[in-house]
Structure formats: structure tokens, C-alpha cells
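First the structure, in the form of C-alpha cells, and then the observations on it.
The values are calculated or read from the model by the stated rules, or taken from the named source; none is laboratory data. The structure presented is a predicted model; accordingly, all values stated were derived computationally and were not measured. Virtual Cβ from ideal backbone geometry, glycine too; neighbours counted across all protein chains shown. Just the protein is used for accessible areas: all its heavy atoms, side chains included, with ligands, DNA and RNA removed. Shrake-Rupley method; radii C 1.70, N 1.55, O 1.52, S 1.80 Å.
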Amino acid sequence: MLKGRVHSIETFGTVDGPGIRFILFMQGCPLRCKYCHNRDTWDVKGGKEYTVDEIMTEVNKYAPYMKFSGGGLTVSGGEATLQPEFLEELFKRAKKDGVHTCLDTSGFVNIDTIDPILDYTDLVLLDLKHMVSSKAKDLTGVGIEKTLELAKHLSDRNIPVWIRHVLVPGVTDDRENLELMGKFISTLKNVDRVELLPYHTLGVHKWENLGFEYELKGVPDATKEDVEKAAKVLAEFGVKVHSK
């Protein structure tokens with residue numbers, strides 16, 4: 001029987017997609033983001049195994065709230081596309097039950113791996129880490145190429161996307177990165193929302209509790225002014241940042 005490794009579940013999420021959402025955080029991630037606030041999701045052997053039936057039984061308990069608010073099921077991580085067969089089956093079942101499906105991904109995945117999942121995906125939350133590949137690799141352990149390829153593919157398939165970018169002072173808030181991002185986003189035809197997520201240090205204690213050194217120690221939280229300044233750069237390319 002097909003099972004997926006799950007890190008944790010949030011039953012009333014309100015920030016990872018529209019409406020009230022049941023959020024499934026999958027276990028395992030190929031990236032090594034220096035600012036990761038879910039450091040404990042990296043290990044592919046961690047978490048707890050669930051079947052699709054078990055997950056959908058829980059999801060459907062909250063169906064009235066999700067339908068009333070225009071919400072649904074969001075699968076995040078870690079990196080959910082590391083478990084493609086489970087994810088495809090879960091989304092297929094969710095669509096059968098009339099549940100809106102949303103995938104939160106770094107985009108570090110091959111197109112032929114994610115394409116069957118996209119057949120049952122209503123919305124993708126795509127995280128652009130850093131538009132300069134060498135800096136993306138330094139920050140996350142991998143380049144940005146696969147993410148950009150996926151973004152173009154999603155645009156070609158006309159699957160709605162929310163672009164997200166974590167604004168880290170002194171790391172991702174430089175003009176070169178933001179200009180490249182603005183230029184790239186302006187070429188996509190399927191972007192419903194662009195979000196600048198201010199970097200915060202709330203996850204530092206997780207690293208320390210797990211016995212790992214947090215490399216961005218000393219980097220301050222991003223301020224409202226930092227976000228506004230970055231938004232102005234994106235606006236130069238016709239890209240409007242969603243304000244909360």
C-alpha cells in the first residue's frame with residue numbers, strides 16, 4: 001500500500017494558499033537552505049507514514065470550513081515532490097472529493113516527475129530562492145535553474161502560481177537579485193500573486209536544539225521598510241507585491 005512520510009499536519013492554516021487550509025508538511029528535502037525554519041524535515045527517513053486514505057479522512061473532517069472560506073489542501077515540506085507517487089495519488093483523491101489542491105515547492109524537481117502531479121494541482125506556491133545561480137547554490141545547496149524551468153512550464157500549462165521570495169537582509173535583498181526576479185516574473189502569464197516573505201530568526205532554536213550551527217546567526221529580521229524597498233524594485237518591472 002502506498003504511503004507517504006509526513007513531518008507534521010496543520011489543520012487551520014491561513015497563509016499557505018487561499019482560505020482555510022489543511023496543510024501537510026512532508027518529510028525530506030534535497031535543499032539545505034541556511035534560513036530553513038523546518039530543519040527537522042531534511043531527513044528523508046524521519047516523520048511518520050500515512051496512507052492516502054488516512055490523510056483524506058482527516059482532510060474531509062474540515063471540508064465545511066475549507067469550502068466556506070475557499071480553502072483546501074496544501075502539501076508543503078520539506079520538499080513534497082520527493083514523494084511524487086504519493087503526492088499524485090493524494091491530489092487525485094482530493095480532486096475526486098472536491099478539495100482544492102495546492103503544492104508548495106522549491107521547484108527543485110524534474111518536469112517529467114512533477115507533470116503527473118500537476119494534472120491534479122489547482123495552485124502552486126513557488127519559492128524563488130535567489131536569481132543568481134551561484135548565490136542560490138551558496139544559500140540553498142542547489143542552483144536556481146530547475147525552479148526557473150518549472151516556472152516556465154507552469155506558465156505554459158497555465159497553472160496558477162503564487163511566487164514567493166524570502167527577503168533576507170544582506171543576502172537576498174540586493175538589487176541584482178530583485179531586478180532579475182522582476183524581469184523573470186514579468187515574462188510569466190500565470191502569476192496570481194507575488195509575496196515577499198520577511199526573513200525571521202524564529203527557527204534558530206530548532207537548529208540549536210538539533211545540535212547544528214545556524215550559519216546566518218547575526219542576520220537581523222527583515223523589516224517592513226526592507227520589504228517596501230524591495231517591492232519598489234519589482235514594481236519597476238510591472239510586478240506588484242501582495243501586501244498583507
Among Lys96, Lys232, Lys67, residue whose mean-square fluctuation peaks in a GNM of the chain (springs only between Cα atoms under 10 Å) = Lys96
request  = Pairs of Cα atoms under 8 Å, at least six residues apart: use those to get the relative contact order of the range 41-172, whole percent.
outcome  = 20
ask   = Does anyone have the angle between helix 175-185 and the longest principal axis of the chain? Alpha-carbon axes, 0 to 90°, nearest 10?
value = 40
request  = Give a quick list of GluC sites (Glu not before Pro) in the range 131-189 that DSSP marks as loop, anything other than H, G, I, E or B, with at most 16 other Cβ atoms within 10 Å.
outcome  = none
note = Helix-only [θ] at 222 nm, the chain, -39500 (n - 2.57) per DSSP H run of 4+, per residue, nearest 500, equals -10500 deg cm²/dmol
key: Solvent exposure of the chain as accessible area per residue, Å², 1.4 Å probe   = 48
ask   = Relative to the Cα centre, what is the charge dipole magnitude of the range 14-128, using +1 at the beta carbon of each Lys and Arg, -1 at the beta carbon of each Asp and Glu, and rounding to the nearest 20 debye?
value = 360
query = Cross-link partners among lysines for Lys240, C-alpha distance below 22 Å, same-chain residues fewer than 8 apart left out?
reply = Lys129, Lys152, Lys183, Lys189, Lys224, Lys229, Lys232
message = I'd like the FRET efficiency for Asp174 and Asp119, computed as 1/(1 + (r/R0)^6) with the beta carbon distance as r and R0 of 45 Å, rounded to 0.05.
response = 0.75
request  = Distance between Cα centroids, the range 34-51 to the range 214-244: provide it in whole Å.
outcome  = 27
key: On Cα atoms only, tilt of 224-235 relative to the major axis of the chain in degrees   = 90
request  = Averaging sequence separations of C-alpha pairs under 8 Å and six or more residues apart, then dividing by the length of the chain, give the relative contact order as a whole percent.
outcome  = 17
query = log10 I(q)/I(0), Debye, Cα-only the chain, no solvent, q = 0.10, 0.11, 0.12, 0.16 Å⁻¹?
reply = -0.46, -0.56, -0.68, -1.24
message = In the range 111-153, if the dipole is taken from +1 on Lys/Arg beta carbons and -1 on Asp/Glu beta carbons about the Cα centre, which of Ser134, Thr121, Leu148 is farthest to the positive end?
response = Ser134
inquiry  = Give me the Å³ per residue figure for the convex hull around the C-alpha atoms of the range 47-168.
reply    = 119
